[in-house]
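Enquirer: If you scroll down you'll find the structure; I have some questions about it.
Each value in this text was obtained by applying a stated rule to the coordinates, not by laboratory testing. These figures come from a predicted structure and were not determined experimentally. Methodologically, a virtual Cβ is constructed for each residue, glycine included, from the backbone with ideal geometry; neighbour enumeration extends over all protein chains shown.
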Amino acid sequence: MVIHEYQAKGLFKDEGIPTPAGYAAETPEEAKCAAEKLGGKVAVKAQVHAGGRGKAGGIKLAATPEDAEKAAEKILGMSIKGITVKKLWIEEALDIESEYYLGITLDRSNACHVLMASKKGGVDIEQVASDDPSAILKYPVHRHLGILNFQVQDLIYGLELSPVQSKGFTDIVLRLWKLYRDTDCTLAEINPLVWTKGGQWTAGDAKMNFDDSAIYRQPGIEKLIEIVEEDPLERVARREKLAYVHLGGDIGIIGNGAGLVMTTLDVVQKAGGRPANFLDIGGGANAQVVSNAVKLVLSDPEVRGLLINIFGGITRCDEVAKGIAENVRDVRIPVVIRLSGTRENEGRCIIAETSLIPASGMQEAAEKIVSLVKEGGS
């Protein structure tokens, strides 16, 4: 789950992390009113779940309330990476002396959190990592001990901060870690972390991502979800408690286990197909869960073929087959299924009475569905 900049800055403010004063706006008139309240030069910033807002023209400076109104007219309704701008954040413009990057994220490969900082703030951190990896300072964070004093001191030294800057910086790092930890974050990022000409730290931007699996224990965070930007299919999946990601291709993918589904996506793509989604029904899924999964994938109008790849351990193949059989009677697109494992033979008996196309292995299944989809389009 991701939230907008203005929402993240609200969480920052509550945690005591300094942020510029600002107001949300949904119309040019509201933008003008916000600028009047701020009483000076402001930044008019598009609120979308996408990076590159500045390059796309989604951030503009305005010297007067009238300029803010005109900037809002230009930004509202524009598309940034396929997302229509419907909301703005109007905040006081910063008198910037220097910009830094500060972030905490989850390092899944090393099973730990990682604290990151860089003197190259205000630009795409992924680009910095690609062009000059040494410019990013990284420290693993112990899940129980948290960020240690020597790590903060190393950051201060590596960033070449002055004694005046150091005290406030240390406070921001520790408060960011507390917020990250307390809200089940997977990413908390300030880019840029601004040192103003007036000698103050402030969060020039704010980005926060959260662990979807932990949202049930974060009611305050769950309230921040804005349905308007959520993919409609992903919205249905969340309601049905299905692990689904819409990818935009034309071959639907259903499997049990994240690793198996990701491998299936790779095999389908290697065979020349375009996966429409990731959908993991998980271990031990019953017929109803499978039925809901099939309905969800088939509700995507772009799907022209469906591949179901099941390796039965906890999951019973006959339960999967029952759930699928209920939903494919009137389906006019090809559906290829690979069943292997617990109660495999019983499952195959069920699908033998349907229009499902069996496959003995994942590679064969991928090649079959890709071929059938291409035939249907020719």
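Enquirer: Would you look at the GNM of the chain, springs on alpha carbons closer than 10 Å, and say which of Ser98, Ser213, Ser118 moves the most?
Expert: In this elastic network of the chain, the residue with the biggest mean-square fluctuation among Ser98, Ser213, Ser118 is Ser213.
Enquirer: Dividing the alpha-carbon Rg of the stretch 21-92 by 2.2 N^0.38 Å yields what?
Expert: 0.96
Enquirer: Moving to a separate point now. List the residues whose amide H sits under 5 Å from the amide H of Gly257, counting only those 5 or more places along or on another chain, with H placed 1.01 Å from N in the peptide plane.
Expert: Ile281, Gly282
Enquirer: I've got another one for you. Between the stretch 52-70 and the stretch 153-167, what is the C-alpha centre distance in whole Å?
Expert: 33 Å
Enquirer: If you place +1 on the Cβ of every Lys and Arg, -1 on the Cβ of every Asp and Glu, and leave all else neutral, what size is the dipole of the chain about its Cα centre, to the nearest 20 Debye? Present the calculation step by step, with values, prior to reporting the outcome.
Expert: On the way: 44 positive and 52 negative charges, 68 e Å.
Dipole of the chain, to the nearest 20 debye: 320 debye.
Enquirer: Additional query: At a Cα cut-off below 13 Å, give the aspartates and glutamates reachable from Lys197, other chains included and same-chain residues fewer than 8 away excluded.
Expert: Leaving aside aspartates and glutamates fewer than 8 places away in the same chain, those within reach of Lys197 are Asp95, Glu97, Glu99.
Enquirer: With an 8 Å cut-off on Cα pairs and a minimum separation of 6 or more residues, tell me the relative contact order of the chain in percent.
Expert: Working: 748 pairs, mean separation 46.4, N = 378.
Here the relative contact order equals 12 percent.
Enquirer: Using 0.36 nm per residue of separation minus the Cα-Cα distance, give me the extension gain between Ala50 and Phe150 in nm, one decimal.
Expert: Values: separation 100, 0.36 × 100 = 36.00 nm, distance 3.45 nm.
Here the answer is 32.6 nm.
Enquirer: Okay, next question. Which whole-Hz ³J(HN,Hα) couplings does the stretch 111-120 yield from phi under the Karplus relation 6.51 cos²θ - 1.76 cosθ + 1.60, θ = phi - 60°, glycine and proline marked x?
Expert: For the stretch 111-120, the Karplus-derived couplings read 6, 7, 8, 9, 9, 10, 8, 7, 6, 9 Hz, x marking Gly and Pro.
Enquirer: Distance between Cα centroids, the stretch 177-223 to the stretch 83-116: provide it in whole Å.
Expert: With the stretch 177-223 and the stretch 83-116 each reduced to a Cα centre, they are spaced 8 Å.
Enquirer: Can you pick out the pairs among Lys37/Lys87; Lys13/Lys167; Lys41/Lys87; Lys32/Lys120 whose Cα atoms lie more than 23 Å from each other?
Expert: On the way: Lys37/Lys87 18 Å; Lys13/Lys167 18 Å; Lys41/Lys87 19 Å; Lys32/Lys120 33 Å.
As for pairs spanning more than 23 Å Cα to Cα, those are Lys32/Lys120.
Enquirer: Which whole-Hz couplings ³J(HN,Hα) result when phi for each residue of the stretch 278-283 is put into the Karplus expression 6.51 cos²θ - 1.76 cosθ + 1.60, θ = phi - 60°, listed in order with x for Gly and Pro?
Expert: 10, 9, 10, 7, x, x
Enquirer: Here is a further query. Given points 7 Å out from each Cα along the Cα-Cβ axis, report the Ile215 to Asp182 separation in nanometres with one decimal.
Expert: Calculated label separation equals 2.2 nm.
Enquirer: Continuing with the same structure: With θ set to phi - 60° and the Karplus curve 6.51 cos²θ - 1.76 cosθ + 1.60, what are the ³J(HN,Hα) couplings of the stretch 140-156 in order, to the nearest whole Hz, using x for Gly and Pro?
Expert: Result, ordered by residue: x, 10, 5, 5, 9, 7, x, 7, 8, 4, 5, 5, 5, 5, 4, 4, 4 Hz.
Enquirer: Would you pull out the residues with amide H under 5 Å of Gly252's amide H, same chain only if 5 or more places away, H placed 1.01 Å from N?
Expert: Ala276, Arg304, Gly305, Leu306, Leu307
Enquirer: Here's a follow-up. Pull up all non-local amide H partners of Leu247: gap of 5 or more, or a different chain, and H-to-H distance under 5 Å with H placed in the peptide plane.
Expert: Asn277, Phe278
Enquirer: For the chain, what is the percent of antiparallel DSSP beta bridges, rounded to the nearest 5? If you can, show how the numbers build up before the last one.
Expert: Working: 49 of 65 bridges.
Bridges in the chain that DSSP calls antiparallel: roughly 75 percent.
Enquirer: Say a site is exposed when it is one of the trypsin sites (Lys or Arg not before Pro), sits in a DSSP loop, and has at most 14 other Cβ atoms within 10 Å; what is then the longest site-free stretch of the chain? Show your work: numbers first, answer last.
Expert: Details: sites that count: Lys55, Lys81, Lys86, Arg143, Lys197, Lys223, Lys241, Arg329, Arg332.
Formally, the longest exposed-site-free interval is 242-328.
Enquirer: When the helix-only estimate is applied to the chain (DSSP H runs of n ≥ 4, each -39,500 (n - 2.57), divided by the residue count), what is the mean residue ellipticity at 222 nm, nearest 500 deg cm²/dmol? The partial results should precede the final answer.
Expert: On the way: 13 runs with 140 residues, N = 378.
Value at 222 nm, helices only, nearest 500: -11000 deg cm²/dmol.
Enquirer: For percent of Cα pairs over 41 Å apart, one of (1) 29; (2) 19; (3) 11 was computed from the structure I shared and the rest are decoys. Which label?
Expert: Entry (1).
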